[in-house]
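The values are calculated or read from the model by the stated rules, or taken from the named source; none is laboratory data. Only a predicted model underlies this, so the values are computations on that prediction, with no experimental measurement involved. Cβ atoms come from the backbone with ideal geometry, glycine included; neighbour counts cover every protein chain shown.
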Amino acid sequence: MTRHTLFALALVQVGCMETSLSKLATDAASMDTGERMDIGEEPEEEEHEDEEEREGENNIEEPEEDEYEEPPPEDDCDETSDLIYVIDRTEASMYLFDPETLSFDFLGELDCGIWAGTPGSMSVTRDGTAYVRYSDNTVYAVDLETMDCSETTYESGSFGAFGMGYATNSGATWRDKLYIANANRLAVVDTADWSVSHMGNLPSQSELTGNAEGELWAMLPLETPAKLVRLNKNTASVQETLILSGTPSPYDIDAFAFATWGGDFWVFIRTYGMGQTTDVYRVTGSGSTSRVAVNTGMDIVGAGVSTCAPTD
């Protein structure tokens, strides 16, 4: 076959090839490249490096996608408020906090067993259930309409006390997972059988919250200064950090909780001292911190929001 024949065949078969890579917001900016193969040129091998290898090198969190994304149930989010649920430790009661009005509405008392101790961290599902961890590390399922409690089969083993929160698998799906964090580890829980899978190590004791954008955030109140960090859900590595410059010293904090809502973070902190009650802080997505409610009269130890909540 002659050189001219090869050239003609190449003109028929040649096409355009375009590749792009988007990196999650950490320290790098996004990059979009396009390239066309010239006729007669041999493709360079380095242009076809394995995409998974590049993502691993850049510590990119791979979104979890199903081959076919089923739509959510027709009653998705109908049984769950898109506001923030909080637990008052002293009253053993649950309230609904509205970030727009800064008001607390009483929902009911928690009666989840006389031997369970006091309620602590909580998380909220999309279908009307709150999971509440008690001081003996049992976890109860609470019906958000009736406040009825039922103990789950969760067994803490060596994991100990933990904070928890839901986050969707990515920003393109309604499916979410329950994550828990203790003094130094992040794990994911399968609520079908309450098995725990460890994902990675954390800097220190933390509380968790997540959103419908697939983001999982941890509050690290015992660091100096205190921080909010966005975590890679697969490895627990820190991908973004917000400094909490306007919150109390970690040595003064008695109880804390937080949740994300409307693109901001709502932090509930009670300091030590006779008569002290929970203050509420608002942290914007850029890290600006302000105290928006002082001495609420409550002793908030848990805050939870479902992935039905708004993200902006």
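Among the residues of segment 62-73, is any farther than 20 Å from Phe265 by Cα, in contact with a helix residue (DSSP H, G or I) (Cβ under 7 Å, 6 or more places away or on another chain) and not in a strand (DSSP E or B)? I'd like the intermediate steps shown before the answer.
Kept after step one, since they are farther than 20 Å from Phe265 by Cα, are these residues of segment 62-73: 62-73.
Imposing the further condition that a residue be in contact with a helix residue (DSSP H, G or I) (Cβ under 7 Å, 6 or more places away or on another chain) reduces the set to 62.
Those left that are additionally not in a strand (DSSP E or B): 62.
Yes: segment 62-73 contains one or more residues that are farther than 20 Å from Phe265 by Cα, in contact with a helix residue (DSSP H, G or I) (Cβ under 7 Å, 6 or more places away or on another chain) and not in a strand (DSSP E or B).
Just to be sure, is Ala130 touching a Leu at 6+ places or on another chain (Cβ under 6 Å) and either at positive phi or free of Cβ contacts under 8 Å to residues at least 60 places away in the same chain (or both)? Can you show your working first?
Working: touching a Leu at 6+ places or on another chain (Cβ under 6 Å): yes; either at positive phi or free of Cβ contacts under 8 Å to residues at least 60 places away in the same chain (or both): no.
No.
Gly200 passes all but one of (1) buried (at least 20 other Cβ atoms within 10 Å of the Cβ); (2) part of a strand (DSSP E or B); which number fails?
(1)
Taking segment 288-312 as the region of interest, how many residues are polar (S, T, N, Q) and either within 17 Å of Ser103 (Cβ to Cβ) or without any contact (Cβ under 8 Å) to a residue 60 or more places away in the chain (or both)?
5
With under 22 Å from Ala92 (Cα atoms), surrounded by 21 or more Cβ atoms within 10 Å (Cβ to Cβ) and at pLDDT 95 or above as the only criterion, which of Tyr140, Tyr179, Tyr166 stands out? Let's see the steps before the verdict.
Values: Tyr179 fails: under 22 Å from Ala92 (Cα atoms); Tyr166 fails: under 22 Å from Ala92 (Cα atoms).
Matching residue, one of Tyr140, Tyr179, Tyr166: Tyr140.
What's the total number of residues in segment 104-130 that are in a loop (DSSP other than H, G, I, E, B) and either basic (Lys, Arg) or under 21 Å from the mean Cα position of the chain (by Cα) (or both)?
Going through segment 104-130, the residues in a loop (DSSP other than H, G, I, E, B) turn out to be 110-118, 125-128.
Next, only the ones that are either basic (Lys, Arg) or under 21 Å from the mean Cα position of the chain (by Cα) (or both) stay: 125-128.
Number of matching residues: 4.
If a residue has to be farther than 16 Å from Ser245 by Cα and in contact with an Asp or Glu (Cβ under 7 Å, 6 or more places away or on another chain) to count, how many in segment 259-270 make the cut?
Going residue by residue through segment 259-270, those that are farther than 16 Å from Ser245 by Cα are 259-263, 270.
Narrowing further to those that are in contact with an Asp or Glu (Cβ under 7 Å, 6 or more places away or on another chain): 262-263, 270.
Counting residues in segment 259-270 that are farther than 16 Å from Ser245 by Cα and in contact with an Asp or Glu (Cβ under 7 Å, 6 or more places away or on another chain) gives 3.
Please work out if Glu62 is closer than 25 Å to Val189 by Cα, at pLDDT below 90 and not polar (S, T, N, Q). Break it down into steps so the answer makes sense when it comes.
On the way: closer than 25 Å to Val189 by Cα: yes; at pLDDT below 90: yes; not polar (S, T, N, Q): yes.
So Glu62 fits the description; yes.
State all residues of segment 79-98 that are acidic (Asp, Glu) and outside any loop (DSSP other than H, G, I, E, B); if no residue qualifies, say none. First the steps, then the outcome.
Residues of segment 79-98 that are acidic (Asp, Glu), as a first pass: 79, 82, 88, 91, 98.
Residues satisfying the conditions are Asp88, Asp98.
Which of the residues belonging to segment 232-275 are among the hydroxyl-bearing types (Ser, Thr, Tyr) and part of a helix (DSSP H, G or I)?
The initial filter retains those residues of segment 232-275 that are among the hydroxyl-bearing types (Ser, Thr, Tyr), namely 235, 237, 241, 245, 247, 249, 251, 260, 271-272.
Matches in segment 232-275: Tyr251 only.
Residue by residue through segment 254-287, note down the ones that are at positive phi and in contact (Cβ under 8 Å) with a residue 24 or more places away in the chain. Break it down stepwise before answering.
Residues of segment 254-287 at positive phi: 262-263, 273, 275, 287.
Of everything in segment 254-287, those that are at positive phi and in contact (Cβ under 8 Å) with a residue 24 or more places away in the chain turn out to be Gly262, Gly263, Gly287.
Taking segment 81-97 as the search range and keeping residues that are of a type in the set (S, T, N, Q) and modelled with pLDDT of 95 or more, which one is surrounded by the most Cβ atoms within 10 Å (Cβ to Cβ)? Working first, answer last.
First, pick out the residues of segment 81-97 that are of a type in the set (S, T, N, Q): 81, 90, 93.
Imposing the further condition that a residue be modelled with pLDDT of 95 or more reduces the set to 81, 93.
On the way: Ser81: 19, Ser93: 17.
Looking at the filtered set, the residue picked out is Ser81.
Which one is farthest from the chain's Cα centre (by Cα), of the residues in segment 206-228 that are closer than 12 Å to Val305 by Cβ and of a type in the set (A, V, I, L, M)?
Ala212
Does Asp143 satisfy the condition of being closer than 23 Å to Ala255 by Cβ, acidic (Asp, Glu) and without any contact (Cβ under 8 Å) to a residue 60 or more places away in the chain? Before you say what the answer is, go through the steps one by one.
Values: closer than 23 Å to Ala255 by Cβ: no; acidic (Asp, Glu): yes; without any contact (Cβ under 8 Å) to a residue 60 or more places away in the chain: yes.
No; evaluated as a whole, the condition is false for this residue.
Test Thr307 against the criterion of being exposed (fewer than 15 other Cβ atoms within 10 Å of the Cβ), within 18 Å of the chain's Cα centre (by Cα), within 26 Å of His198 (Cα to Cα) and modelled with pLDDT of 95 or more, and give yes or no. Give the steps one after another, and end with the answer.
Values: exposed (fewer than 15 other Cβ atoms within 10 Å of the Cβ): no; within 18 Å of the chain's Cα centre (by Cα): yes; within 26 Å of His198 (Cα to Cα): yes; modelled with pLDDT of 95 or more: yes.
Answer is no for this residue.
Those residues that are of a type in the set (S, T, N, Q), at negative phi and not in a strand (DSSP E or B), I need them from segment 288-312; list them, please. Steps first, please.
As a first pass, look at segment 288-312 and keep what is of a type in the set (S, T, N, Q): 288-290, 295-296, 306-307, 311.
If we keep only those that are at negative phi as well, we get 288-290, 296, 306-307, 311.
Hits for segment 288-312 are Ser288, Thr296, Ser306, Thr307, Thr311.
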